[in-house]
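Asks: Quick one: the structure is below, and I'll ask about it shortly.
The values are calculated or read from the model by the stated rules, or taken from the named source; none is laboratory data. Everything quoted here is computed from the prediction, not taken from an experiment. So basically every Cβ, Gly included, is an ideal-geometry build from the backbone, and we count neighbours across all protein chains shown. We work out accessible area using only protein heavy atoms, side chains counted, and drop any ligands, DNA or RNA first. Shrake-Rupley method; radii C 1.70, N 1.55, O 1.52, S 1.80 Å.
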Amino acid sequence: MNRCVVGLQWGDEGKGKVVDILAEDSDIVVRYNGGANAGHTVVVGGDKFALHLLPSGAVRPQTVCVITSAVVVDPETLLGEIDGLSQKGISLNNRLFISENAHLVLDYHKMEDRLREESLGKNKIGTTARGIGPCNADKAGRSNAIRMGDLLNLSGLESKLRGIVEYKNRIFTSVYNAEPIDLKSVLDKCRSYAEKLLPFVIDTTEYLHGVLAQGKSVLFEGAQGTLLDIDHGTFPFVTSANVSALGMPAGAGVPAKCVDEFVGVAKCYTTRVGSGPFPTELDNETGQLIRDKGHEYGTTTGRPRRCGWFDAVIASYSVAIGGIDAVALMHLDTLSGLNELKICTAYEIEGKRTSFFPANIGKLAKAKCVYDTLAGWKEDITQTADFSQLPLNARNYVTFVEKCIKKPVTMIGVGPNRRQTIFKR
Ligand code: GDP
Ligand code: IMO
Ligand code: MG
């Protein structure tokens with residue numbers, strides 16, 4: 001069975017935990033999009049891993065990990081992760097494969113990201129400052145792009161980087177009034193990346209087609225969430241790639257039809273980091289309560305996440321455009337203790353009611369939420385292992401979500417740990 005795990009909201013839905021669980025039945029886990037803007041948390045026993053570039057299957061010592069060409073790779077972060085796991089006795093040797101066509105995020109990308117955001121003031125996107133937008137812009141522009149395979153030819157890389165650094169420095173100094181960057185330091189770093197990363201570099205497309213033909217079980221791990229998709233999300237407050245399920249075939253280099261099940265991950269409420277409209281946002285005590293109880297602070301940047309009620313308009317949209325088959329609903333435990341819970345089932349926009357997510361962000365900003373109110377539950381559910389053992393109101397909540405999104409909820413998160421999961425078929 002081949003599966004693909006994708007976020008249905010604005011990221012941080014709990015994809016890392018779901019991938020870690022599904023990886024038990026997979027031979028290979030594939031990261032096929034995003035970059036070190038992602039932060040995927042896996043909690044096993046007393047160990048907590050926060051992964052940015054390595055597939056979440058990395059914590060299982062037998063699982064093969066693949067990073068495909070559509071991932072923009074920050075070599076420094078990746079090497080830090082490989083070292084971090086190795087210090088915990090988990091080696092990636094002979095089981096990590098990185099695409100030779102993956103683009104490199106270098107220091108000047110991160111600098112450009114930061115300077116551009118600073119210059120935007122209150123209109124900033126609220127990026128993670130990990131250089132993702134500038135690197136993807138260089139990828140689309142082609143002439144200034146550096147890929148993993150460029151590390152194979154260091155003298156060719158030097159002449160390419162000389163031109164790029166000259167160009168970037170003209171922008172840094174004249175547009176942003178910032179200090180120029182030093183070619184030598186970029187080159188020295190690239191030499192060290194080449195030495196450490198080239199042993200992992202292969203043609204991942206050929207590799208994936210080979211293992212799929214052999215009938216190996218492959219798990220595709222998406223980063224971010226559907227509402228952050230550059231074409232189908234809340235543009236311009238999105239990331240710079242197709243991070244909905246629609247990006248999976250392009251990102252992995254294999255057809256969507258080789259996936260037997262697309263698993264969408266959503267929280268029982270909604271969170272978002274960065275700027276942009278958020279119809280169900282709770283900028284009040286309840287929002288703060290969810291933030292505190294759910295530890296809603298960014299895995300990558302530590303920023304407090306904005307919190308709000310579950311938005312079934314958003315979730316249904318993400319399910320529809322992504323062809324989602326089953327849903328993992330996380331953080332049910334975080335809602336315990338609230339007297340009543342609301343779920344947004346439609347928007348009123350300029351007097352008209354709609355249950356289909358509007359493509360126009362101006363309309364979204366005007367959306368007033370139509371809510372259904374459900375009764376809460378008081379019990380601690382963090383040790384509950386069976387759906388039938390959940391309090392009636394918790395079961396009703398899950399069933400109501402299923403009714404709204406018209407897909408089965410097959411996994412329910414009742415805590416961060418791998419074992420705090422209810423399976424429901
Ligand atoms: P991802 O980016 O989608 O992988 O999600 P993150 O790891 O950024 O954020 C999800 C956070 O929620 C992490 O701290 C997880 O450990 C935690 N988490 C995941 N599922 C659950 C759950 O069901 N309950 C609780 N309380 N925490 C969860
Ligand atoms: P995971 O995989 C949550 C958001 C940023 C910002 C916007 C653009 O952990 O779910 P970028 O740095 O990509 O240019 O930022 O996208 N963003 C995420 N939010 N989870 C993520 O990843 C995110 N990756 C990017 O906060 O609003
Ligand atoms: Mg995250």
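Asks: Keeping the other protein chains in place, figure out the carbon and sulfur percent of the accessible area of the chain, with a 1.4 Å probe. List each step's numbers first, then the result.
Replies: Details: 8830 of 17580 Å².
After summing per-atom areas, the C and S share lands at 50 percent.
Asks: Follow-up question, since we're still on this one. Return the FRET efficiency for the residue pair Asp203, Arg425: r is the Cβ-Cβ distance, R0 is 22 Å, and the value is rounded to the nearest 0.05. All intermediate terms of the calculation are to be shown ahead of the outcome.
Replies: Working: r = 38 Å, r/R0 = 1.71.
Efficiency, from the Cβ-Cβ distance: 0.05.
Asks: May I pose another question? I want to verify the translational diffusion coefficient of region 129-215 in µm²/s; compute it with Stokes-Einstein, Rh as the Kirkwood radius over Cα pairs, at 20 °C and 1.002 mPa s. Mind dumping the intermediate values first?
Replies: Working: Rh = 15.0 Å.
The diffusion coefficient I find is 143 µm²/s.
Asks: Can I ask one more? What figure, in Å² to the nearest 10, do you get for the accessible area of Ile349 with a 1.4 Å probe and non-protein molecules left out?
Replies: 20
Asks: For n ≥ 4 DSSP H runs only, could you compute -39500 (n - 2.57) per run for the chain, divide by its residues and tell me the 222 nm figure to the nearest 500?
Replies: Value at 222 nm, helices only: -10000 deg cm²/dmol.
Asks: Give me the distance in nm between label points sitting 7 Å out from Cα along the Cα-to-Cβ direction at Leu79 and Lys160, one decimal.
Replies: 1.8
Asks: To check you understand DSSP bridge types, tell me what percent of the beta bridges within the chain (both residues inside) are antiparallel, rounded to 5.
Replies: 45
Asks: Also, quick follow-up: Once you have the Cα-Cα distance between Ser91 and Asn360, take 0.36 nm times their residue separation minus that, and quote the gain in nm to one decimal.
Replies: Taking 0.36 nm per residue and subtracting the Cα distance, the gain is 92.2 nm.
Asks: Let me know the charge dipole size of the chain about its Cα centre in debye, to the nearest 20, where only the beta-carbon of Lys, Arg (+1) and Asp, Glu (-1) is charged. Intermediate results must be reported in sequence, preceding the final value.
Replies: Details: 49 positive and 48 negative charges, 109 e Å.
Taking the Cα centre of the chain as origin, the dipole is about 520 debye.
Asks: Over the residues of region 322-390, compute the C-alpha Rg and express it relative to 2.2 N^0.38 Å.
Replies: Here the Cα radius of gyration is 1.48 times the empirical estimate.
Asks: Continuing with this model, one more query. Stretch Thr173-Thr399 to full length: gain in nm at 0.36 nm per residue minus the Cα-Cα span? Before the final figure, lay out each step's value.
Replies: Details: separation 226, 0.36 × 226 = 81.36 nm, distance 5.69 nm.
Computed gain between Thr173 and Thr399 is 75.7 nm.
Asks: Ignoring solvent entirely, what values of log10 I(q)/I(0) come out of the Debye formula for region 201-270 at 0.12, 0.22, 0.24, 0.26 Å⁻¹ when each Cα is a single scatterer?
Replies: At q = 0.12, 0.22, 0.24, 0.26 Å⁻¹ the computed log10 ratios are -0.39, -0.99, -1.09, -1.18.
Asks: Hey, another quick one. Considering the chain, which cysteines have no disulfide-compatible partner, defined as another cysteine with its Cβ under 4.7 Å away?
Replies: By the Cβ distance rule, which asks for a partner under 4.7 Å, the isolated cysteines are Cys4, Cys65, Cys135, Cys190, Cys258, Cys268, Cys307, Cys404.
Asks: Further, regarding this structure: For Met148, tell me the accessible area in Å² from a 1.4 Å probe, rounded to the nearest 10.
Replies: Around 0 Å² of this residue is reachable by solvent.
Asks: Strictly over 21 Å apart at the Cα level, which of Lys48/Lys88; Lys267/Lys352; Lys122/Lys168; Lys15/Lys48; Lys88/Lys196 would you flag in this model? Numbers along the way, then the final one.
Replies: Details: Lys48/Lys88 11 Å; Lys267/Lys352 28 Å; Lys122/Lys168 25 Å; Lys15/Lys48 14 Å; Lys88/Lys196 19 Å.
From Lys48/Lys88; Lys267/Lys352; Lys122/Lys168; Lys15/Lys48; Lys88/Lys196, over 21 Å: Lys267/Lys352; Lys122/Lys168.
Asks: State in Å² the accessible area per residue of region 177-332; use a 1.4 Å probe, count heavy atoms of protein chains only, and round to the nearest integer.
Replies: 38
Asks: Taking only the alpha-carbon positions of region 74-228 and ignoring solvent, what does the Debye formula give for the base-10 log of I(q)/I(0) at q = 0.10, 0.11, 0.13, 0.20 Å⁻¹?
Replies: Relative scattering, expressed as log10 I(q)/I(0), comes to -0.44, -0.54, -0.73, -1.38.
Asks: I've got another one for you. Simple spin-label model, 7 Å along Cα-to-Cβ: Asp107 to Asn284 in nm?
Replies: Between Asp107 and Asn284, the label points sit 4.9 nm apart.
Asks: I would also like to ask the following. Using every pair of alpha-carbon atoms in the chain, split the distances into 20 Å bins beginning at 0 and state the percent of pairs per bin, rounded to integers.
Replies: Histogram of Cα-Cα distances, whole percents per bin: 27, 56, 17, 0.
Asks: What is the distance in Å between the Cα centroid of region 224-268 and that of region 131-178?
Replies: 27
Asks: A further question follows. 5 Å is the cut-off here: which amide hydrogens, built 1.01 Å from N in the peptide plane, fall below it relative to Gln9, excluding neighbours closer than 5 in sequence?
Replies: Thr226, Leu227
Asks: Computed FRET efficiency, Cβ-Cβ of Lys189 and Lys48, R0 30 Å: what is it to the nearest 0.05? The partial results should precede the final answer.
Replies: Values: r = 29 Å, r/R0 = 0.96.
Once rounded, the FRET efficiency stands at 0.55.
Asks: Another one. Of Gly276, Val18, Gly215, which is farthest on the positive side of the dipole of the chain, counting Cα position, with +1 on Lys and Arg Cβ, -1 on Asp and Glu Cβ, and the Cα centre as origin?
Replies: My answer, from the dipole projection, is Gly276.
Asks: Write down the accessible area per residue of region 47-109 in Å², having rolled a 1.4 Å probe over the full set of protein chains.
Replies: 34
Asks: Students often forget the sequence filter, so: which aspartates and glutamates lie under 19 Å Cα-Cα from Lys216 once same-chain residues fewer than 8 apart are removed?
Replies: Asp20, Glu24, Asp25, Asp27, Asp203, Glu206, Asp260, Glu261
Asks: Which FRET efficiency value, to the nearest 0.05, is calculated for Glu24 and Thr382 with the Förster distance at 30 angstrom and r the Cβ-Cβ distance?
Replies: Rounded to the nearest 0.05, the efficiency is 0.90.
Asks: Extent of region 1-153 along each principal axis, from alpha carbon coordinates, in Å, largest to smallest?
Replies: 45, 40, 32
Asks: Show me, for region 387-395, the HN-Hα J-couplings you get by feeding each phi into the Karplus relation (A = 6.51, B = -1.76, C = 1.60, θ = phi - 60°), rounded to Hz, glycine and proline as x.
Replies: 4, 5, 8, 6, x, 3, 5, 5, 5
Asks: Too long at a 23 Å Cα-Cα cut-off: which of Lys293/Lys368; Lys257/Lys403; Lys257/Lys407?
Replies: Lys293/Lys368; Lys257/Lys403
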